[in-house]
Amino acid sequence: MSGPPTDTGEILFLAHRIPFPPDRGDKIRSHHVLRALAALAPVHVATFAENSADLAETDNLASVAATYHLAKRATSLVRPGLRALAARLPVSLTAFHDPALAEYVRATIAARPIAAIYVFSGQMGQYIPEDFASRVIADFVDVDSAKFEEYAAAGTWPRRWIDAREGLLLRAEEARVAARADASLLVTAAEAALFAARLPAGSSAAARVRVLPNGIDTALYDPFEVLPETAMRDFTGPRLIFTGQMDYAPNIAAVVRTARGIMPLIRQRFPAATFHIVGRSPPRAVYALDGVNGCHVWGAVADVRPFLAAAELALVPLEIARGVQNKVLEAMAMALPVVVSRAAATGIAAVDGQHLAIGDSDADLAGRAIALLGDPGRARLMGLAARRFVVDNYSWEGALEALPALIQPTAAAAPLAAADDLSGPGRARLAEAAAVYDAA
C-alpha cells in the first residue's frame, strides 16, 4: 500500500501491540489512530504480535501500512525481568525490546522521508533515535507509572517491591520521552494533569502535554442491530455483565470483588440474578468464580456485543482504573444501564443517575444495581440516555480531529486541550497532583 499523496512527508507509527483486531482498549485506540494517520500520509508501522492470532492479522496491517515490521514477542516476563534488574530499567522496556524492530526503525528513517514519529504507549519511546530531528508525538494514553504505584500500594511483598520499582523507573522513562516529544498525549484531562504534574520541576515538557480523547464506533455498538446471545438468555433472572481482558489485574480484582462481595447482596433481593464474565484469557482465579454466587465465566467470545445485548445491566466495580474505560462506553452505547465504581467513571463526563449510576462501597454498588433491576422502566430510560450521550460525545471522528495539527502544526484542525489550560475539575486535579509531587 503506497498511502495517500502528501506534501508533509511520511509517518512512522510505533505500537506495543498490533492494532488489529480492535478488540481491547489499547488496540481500539491504536487502530483508529493508525487509520486516521494513514489518511494523512503513508505510514510505516513497527509493532509486536503476542500470539498466532496476532500474526494472522498481517493482511489487515498491510492494507493500511506502506511498510511494516511485525515482531513476535514472548509474553513471559522472566527473562525481561532479569534483564531489567541487571540494567536498572523498567520491565516495561525490556519486555518490548527487539533488535530487529530497532533496525527496521533505523532503516525506515534512512530510506523514507519520515516527517513524524507517532509513539503509541510509553514502552515504544525507546525506539526514537537520538538523532531524529523531526516531530515526535508520544501517545502515553494514561499514566502507566501511576498505575504501578497504585498496584504497589495495594499489594504485598514481594509484588509490592516489584511494582514500586516499576513505577519509579517508568516515571523517569515517561519524563525522558516527554522531554523529547513535541506533544505528549493523554486520554483525559485528569490523566493529562497528573502526567504534567509528575514531570520534573521546571520541565518544559509540561507545556506540551495535551488531551487526545478516546472514541467509540456507535454504528458497530448499536443495540438495534445486534441479536442477544441465545446461550446467555437461557439464564433466568436478571443478567449482569462484565467485559474485558481477563488476565489484566484490575479486571481480575473487579470480578472477584463482584463475586464475593456484591453478588451476594444483589441475590438477597434477586435470588436468580447471574453475573457473566466475558473476555479472553481468564486465569484460574477467574475460572474459580464460575458457579459462585451466580457467576458464569464465558472466556473469549467471537463478538461481545450479543452478550451485552442479552444483559439487563453492566456492573464495573474497578478499584484501579486509568484513562477512559472502553468497556463502560461500549455498554452505554449498547443502551445498557451501567453501575460503576467512581474509578471506572473517571474521564467520562456522564451525569450520575441520568447516564449511569456510581457507587463506592460494595453495598453502594449493590444498592444502585438493585434499584435499577427493580425498576425496568427507569433502567431502560437510563440505557437510552447513555447511548445518546455516547453518540453525541464520543465519536472517533470528533476524538481524532486534531491529528492533522499534531503531525503538521500548520494544518487547520481543532486545537487540543493543554494540561495547563484546564478548567474546573481538571485544574483542581492538576493542583492536587502538583501538591503530591512537590511533597514527594
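The numbers here are math on the coordinates, done by the rules we state, and not lab data. Given the structure is predicted, the values throughout are model-derived calculations rather than measurements. FYI the Cβ positions are ideal-geometry reconstructions off the backbone, even for glycines, and counts take in every protein chain you see.
Would you look at the GNM of the chain, springs on alpha carbons closer than 10 Å, and say which of L227, L289, L61 moves the most?
L227
Test of understanding: what is the full-extension gain from E130 to A179, defined as 0.36 nm times their sequence separation minus their Cα-Cα distance?
Separation in residues times 0.36 nm, less the Cα-Cα distance, equals 16.4 nm.
Place a point 7 Å from Cα of V292 in the direction of its Cβ. Which residues in segment 257-271 have their backbone N less than 17 Å from it?
257-267
So for each of 133-144, 300-311 I average, over its residues, the number of other beta carbons within 10 Å; can you give me the resulting order with the highest mean first?
133-144, 300-311
Read phi for every residue in segment 373-379 and hand back ³J(HN,Hα) as whole Hz from Karplus 6.51 cos²θ - 1.76 cosθ + 1.60, θ = phi - 60°, with x for Gly and Pro.
5, x, 9, x, x, 5, 4
Using a simple spin-label model with points 7 Å from Cα along the Cα→Cβ vector, what separation in nm is obtained for R35 and A172?
4.0 nm
Between 0 and 90 degrees, rounded to the nearest ten: what's the tilt of helix 99-111 against the longest Cα principal axis of the chain?
With rounding to tens, the tilt is 50 degrees.
By how many degrees, 0 to 90 and rounded to 10, does the Cα axis of helix 25-38 deviate from the longest principal axis of the chain?
Orientation of helix 25-38: about 40 degrees from the principal axis.
Given the Cα-Cα distance of L82 and V391 and 0.36 nm per residue of separation, how much length would full extension add, in nm?
Net length gain for the segment: 106.6 nm.
Just check segment 223-393 against the gyration tensor rule for me: Cα atoms, a ≥ b ≥ c as the square roots of the eigenvalues, rounded for a/c under 1.5, and otherwise prolate or oblate depending on whether a/b exceeds b/c.
Rounded, because the longest to shortest axis ratio a/c is under 1.5.
Determine the distance separating the Cα centre of segment 43-74 from the Cα centre of segment 113-155; give it in Å without decimals.
19 Å
Just want the ordering: T346, T258, from fewest to most Cβ atoms lying within 10 Å of their own Cβ.
Fewest-to-most ranking of T346, T258: T346, T258.
Using a Gaussian network model on the chain with a 10 Å cutoff between Cα atoms, which of Q123, Q354, Q325 fluctuates the most?
In this elastic network of the chain, the residue with the biggest mean-square fluctuation among Q123, Q354, Q325 is Q354.
With the dipole of segment 223-393 worked out from charges on the C-beta (+1 for Lys and Arg, -1 for Asp and Glu) around the Cα centre, which of P282, A366, L227 lies farthest toward the positive end?
Positive-end residue among those listed: A366.
D234 versus A62, label points 7 Å from Cα toward the beta carbon: distance in nm?
Placing both labels 7 Å along Cα→Cβ, they lie 4.1 nm apart.
Please give the helix 425-439 orientation as an angle from the longest Cα principal axis of the chain, in degrees from 0 to 90, rounded to the nearest 10.
With both axes taken from Cα atoms, the answer is about 70 degrees.
Once you list every other residue whose beta carbon is under 13 Å from the beta carbon of V33, what net charge do they have if Lys and Arg are +1 and Asp and Glu are -1?
0
Tell me, what is the FRET efficiency for A302 and V351 to the nearest 0.05, using R0 = 25 angstrom and their Cβ-Cβ distance as r?
The formula returns an efficiency of 0.15 here.
What full-extension length gain, to one decimal in nm, is calculated for A253 and A371 as 0.36 nm per residue of separation minus the Cα-Cα distance?
So the chain would gain 40.1 nm between A253 and A371.
Assigning unit charges at the beta carbon (Lys, Arg +1; Asp, Glu -1) and nothing else, what dipole magnitude in debye, to the nearest 20, does the chain show about its Cα centre?
Charge dipole, the chain, about its Cα centre: 800 debye, nearest 20.
Build a GNM of the chain with springs between Cα atoms under 10 Å: which of Y221, Y287, Y118 gets the top mean-square fluctuation?
Comparing Y221, Y287, Y118 in a Gaussian network model of the chain, the most mobile one is Y287.
For a quick size check, give me the Cα extents of the chain along its three principal axes, largest first, whole Å.
Principal axes ranked by extent give 65, 47, 44 Å for the Cα atoms.
What spacing in nm lies between the two simple spin-label points modelled at A207 and A102, each 7 Å away from Cα in the Cβ direction?
Here the answer is 3.3 nm between the modelled labels.
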